[in-house]
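The values are calculated or read from the model by the stated rules, or taken from the named source; none is laboratory data. Computed from a predicted structure; not experimentally measured. Cβ placement follows ideal geometry from the backbone for every residue including glycine, while neighbour counts extend to all protein chains displayed. Remember, those area values only see protein heavy atoms, side chains included, never the ligands or the DNA or RNA. Shrake-Rupley method; radii C 1.70, N 1.55, O 1.52, S 1.80 Å.
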Amino acid sequence: MGPAQMLTAPAVPLGPATPAARLLELAGSGYPAMRLRVAQHPKTPRQALIALRRDAIGCVRAAARRRLRAMDRDVLVSAEAG
């Protein structure tokens, strides 16, 4: 895969209503740009983010780690509020 292909992904809509199962499926995409979009999506399941934090591409790993930290913060805030 050349550099230009790494920066592009198929035109797959990833809106707020995208099902978790679809995001989990797309986390295994052969396109790094698609995996990055999945890692940045607020509804991506934790299981997919854990896998993406071991991705071969650094920006995908970083995005997955950021989302996991955000999820952990949300859990703490919810626990403190409850």
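Here the 3J(HN,Hα) profile of segment 10-16, calculated from phi with Karplus coefficients 6.51, -1.76 and 1.60 at θ = phi - 60°, is x, 6, 10, x, 10, x, x Hz, Gly and Pro shown as x.
Over the chain, accessible surface divided per residue gives 63 Å², non-protein components excluded, 1.4 Å probe.
With the full set of protein chains in place, find how many percent of the accessible area of segment 32-72 is carbon and sulfur; take the probe as 1.4 Å. Here it works out to 53 percent. Take the Cα radius of gyration of the chain and divide it by 2.2 N^0.38 Å, N being the number of residues; the result is 1.14. Backbone N atoms of segment 34-57 closer than 13 Å to the 7 Å Cα→Cβ label point of Asp72 belong to residues 50. For helix 58-81, what angle does its Cα long axis make with the longest principal axis of the chain, in degrees from 0 to 90 and rounded to 10? Result, in degrees: 20.
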